[in-house]
Amino acid sequence: MSTPSLLILPGDGIGPEVMTEVRKIIDWFGARRGLAFEVSEDLVGGAAYDAHGTPLSDATMAKAQEVDAVLLGAVGGPIYDDLDFSVKPERGLLRLRKEMDLFANLRPAQCFDALADFSSLKRDVVAGLDIMIVRELTSGIYFGEPRGIITEGNERVGLNTQRYTESEIARVARSAFELARKRSNKVCSMEKANVMESGILWREVVQKVRDEEYPDVELSHMYADAGGMQLCRWPKQFDVIVTDNLFGDLLSDVAAMLTGSLGMLPSASLGAPMANGRPKALYEPVHGSAPDIAGQGKANPIACILSFAMALRYSFDQGAEADRLEKAVEAVLSSGKRTADLMQAEGGTPVSTGEMGDAILAALDASL
Ligand code: NAD
């Protein structure tokens, strides 16, 4: 196979700072593990607007469609707040997701032991937690028609439509089952089949895909509200959770807070397989451009570094190397090194963005 290709879009605010650390990690895998990537870099968000008057140029969009994976930093910032909606930095990100048809959003909630005290839940509930929420990203109530604010009689009505086709449900279910096979072989599907027809269809289709194509994977169903409660009560009962766009939006944020800081959370958005068998893929930290700390060396690069670990696992089939990188992060955290967002009363050694990247590189060296 030819050298895998990566398009890097650092974006705005802390995006370029955290991406600088990821570039060091990518280079390390090339030099020390024989895992070379053909890396190109381009502009997105406010940076692209400043250069081209658009948050994502057609040329960059075309490049994103060609590469094996896109790695994005963050977009946005107060200086762009007054721009017209059509050219706001976020539109660049939305265009990438839409045109690449990235229908499966993967949001892991993983709690490193060293950070278990950051959770609002008790240590034993979250320590060692490792679950994955798969959220349908391109359909459902955020896109369904009809929608709008209409007038009925003498009052206005806000209207949105929850709409899912069988094929939309089946493809995201397949993503969840494929993932489960690489993990603990267990999927829990969440909807509201008790009160929504779209939920009844969701449950039926997920069950059918499992019975016909993934009989080896254990499948359970849960109402999404009960799922929210169970996530806070005993999250370790789950492995992969698959759910729709709206419930996934809520549940993935609930799960995220189980694990502490925004600076720790990676994500992946995957689409259909390309000709070479790899899925269309965009990897990005969950956090935004953090304008309040941009340019000060305070940003935590771990969310972006763990997003690259997801790329290793899900785009490049390098699960063992992804494990190596995650363990290196864990080792650095266990040693007490912390960026500012992870500093707590009981201490730890404060480090800058660059020092955190270097410490992870040293831990990678030590893993050989
Ligand atoms: P944010 O995620 O940028 O920041 C929220 C808080 O978390 C801030 O106090 C910030 O300093 C802190 N934080 C975030 N990431 C951190 C990191 N890696 N290390 C240390 N601290 C970190 O959210 P916000 O302030 O609501 O939004 C700021 C800008 O980012 C806005 O323009 C928003 O539209 C944009 N945004 C972009 C994305 C994206 O690119 N995917 C996501 C969310 C928000």
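The values are calculated or read from the model by the stated rules, or taken from the named source; none is laboratory data. Every value quoted in this text rests on a predicted model; they were computed, and no experiment measured them. Cβ coordinates were reconstructed from backbone atoms using ideal geometry, including for glycine residues, and neighbour counts include every protein chain displayed.
Taking the options Asp292, Asp249, Asp239, name whichever one is acidic (Asp, Glu), farther than 30 Å from Ser367 by Cα and in contact (Cβ under 8 Å) with a residue 40 or more places away in the chain. Spell out the reasoning first.
Details: Asp292 fails: in contact (Cβ under 8 Å) with a residue 40 or more places away in the chain; Asp239 fails: farther than 30 Å from Ser367 by Cα.
Exactly one residue qualifies, and that residue is Asp249.
Screening Leu102 on (1) assigned to a loop (DSSP other than H, G, I, E, B); (2) at pLDDT below 95 shows it passes everything except condition (2). For the stretch 189-200, taking the residues that are polar (S, T, N, Q) and not in a strand (DSSP E or B), the one that is surrounded by the most Cβ atoms within 10 Å (Cβ to Cβ) is identified as Ser198.
Rundown of residues vs (1) within 22 Å of the chain's Cα centre (by Cα); (2) surrounded by 17 or more Cβ atoms within 10 Å (Cβ to Cβ); (3) modelled with pLDDT of 95 or more; (4) at negative phi, yes/no style:
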{"position": "Glu168", "(1), (2), (3), (4)": "yes, yes, yes, yes"}
{"position": "Glu178", "(1), (2), (3), (4)": "yes, yes, no, yes"}
{"position": "Val187", "(1), (2), (3), (4)": "yes, yes, yes, yes"}
{"position": "His221", "(1), (2), (3), (4)": "no, no, yes, yes"}
{"position": "Asp244", "(1), (2), (3), (4)": "yes, yes, yes, yes"}
{"position": "Met257", "(1), (2), (3), (4)": "yes, yes, no, yes"}
{"position": "Gly260", "(1), (2), (3), (4)": "yes, yes, no, no"}
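Among the residues of the stretch 25-41, the ones that are surrounded by 17 or more Cβ atoms within 10 Å (Cβ to Cβ), out of contact with any Asp or Glu (no Cβ under 7 Å at 6 or more places or on another chain) and closer than 19 Å to Ala359 by Cα come to 3 in all. Being within 16 Å of the ligand (Cβ to nearest atom) and acidic (Asp, Glu) is the filter; apply it to the stretch 39-58 and report the residue that is nearest to the chain's Cα centre (by Cα). By that ranking, first place goes to Asp42. Screening the stretch 331-349 for residues that are surrounded by fewer than 14 Cβ atoms within 10 Å (Cβ to Cβ) and under 23 Å from Ala294 (Cα atoms) and picking the one that is nearest to the ligand (Cβ to nearest atom) gives Met343.
Within the stretch 8-38, the residues that satisfy the criterion of being in contact with a Ser or Thr (Cβ under 9 Å, 6 or more places away or on another chain), within 16 Å of the ligand (Cβ to nearest atom) and not acidic (Asp, Glu) are Ile8, Leu9, Pro10, Gly11, Gly13, Ile14, Gly15, Val18, Thr20, Val22. Just a yes or no: is a residue in the stretch 326-345 touching a Leu at 6+ places or on another chain (Cβ under 8 Å) and either aromatic (Phe, Trp, Tyr) or within 22 Å of Asp68 (Cβ to Cβ) (or both)? Yes: one or more hits.
Identify, please: which residue in the stretch 256-296 is of a type in the set (A, V, I, L, M, F, W, C) and part of a helix (DSSP H, G or I) and is, among those, farthest from the ligand (Cβ to nearest atom)? First the steps, then the outcome.
Within the stretch 256-296, the subset of a type in the set (A, V, I, L, M, F, W, C) is 256-258, 262, 264-265, 268, 270, 272, 274-275, 281-282, 286, 290, 293-294.
From what's left, part of a helix (DSSP H, G or I): 256-258, 262, 264.
Details: Ala256: 11, Met257: 12, Leu258: 17, Leu262: 5, Met264: 8 Å.
Looking at the filtered set, the residue picked out is Leu258.
Test Ala309 against the criterion of being closer than 19 Å to Arg135 by Cα, away from the ligand (no atom under 15 Å from the Cβ) and touching a helix residue (DSSP H, G or I) at 6+ places or on another chain (Cβ under 9 Å), and give yes or no. For Ala309, the condition - closer than 19 Å to Arg135 by Cα, away from the ligand (no atom under 15 Å from the Cβ) and touching a helix residue (DSSP H, G or I) at 6+ places or on another chain (Cβ under 9 Å) - is not met.
What about Glu212, is it buried (at least 23 other Cβ atoms within 10 Å of the Cβ), outside any loop (DSSP other than H, G, I, E, B) and among the charged types (D, E, K, R)? Steps first, answer last, please.
Working: buried (at least 23 other Cβ atoms within 10 Å of the Cβ): no; outside any loop (DSSP other than H, G, I, E, B): yes; among the charged types (D, E, K, R): yes.
When the stated conditions are applied, Glu212 does not pass them.
Considering only residues that are free of Cβ contacts under 8 Å to residues at least 60 places away in the same chain and of a type outside the set (Gly, Ala, Ser), look in the stretch 347-368 and name the one that is farthest from Gly73 (Cα to Cα). Checking each candidate, the answer is Thr349.
Hey, among Glu99, Glu155, Glu66, Glu145, which residue is more than 20 Å from Ser307 (Cα to Cα), under 22 Å from the mean Cα position of the chain (by Cα) and either aromatic (Phe, Trp, Tyr) or away from the ligand (no atom under 13 Å from the Cβ) (or both)?
Numbers: Glu155 fails: under 22 Å from the mean Cα position of the chain (by Cα); Glu66 fails: more than 20 Å from Ser307 (Cα to Cα); Glu145 fails: under 22 Å from the mean Cα position of the chain (by Cα).
Just a single option satisfies the conditions, and that option is Glu99.
Against the test of being within 12 Å of the ligand (Cβ to nearest atom) and acidic (Asp, Glu), the options Asp253, Asp365, Asp323, Asp358 yield a single qualifying residue, Asp253.
Only residues that are among the β-branched types (Val, Ile, Thr) and in contact with a helix residue (DSSP H, G or I) (Cβ under 6 Å, 6 or more places away or on another chain) were counted across the stretch 162-195, and they come to 2. Has the stretch 122-131 got at least one residue that is in contact with a Ser or Thr (Cβ under 6 Å, 6 or more places away or on another chain), surrounded by 14 or more Cβ atoms within 10 Å (Cβ to Cβ) and of a type in the set (Val, Ile, Thr)? Yes: one or more hits.
So that you can scan it fast, the table gives a plain yes or no per residue for (1) of a type in the set (D, E, K, R); (2) touching a helix residue (DSSP H, G or I) at 6+ places or on another chain (Cβ under 7 Å):
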residue	(1), (2)
Lys236	yes, no
Asp239	yes, yes
Phe247	no, yes
Leu251	no, yes
Glu284	yes, yes
Ile293	no, no
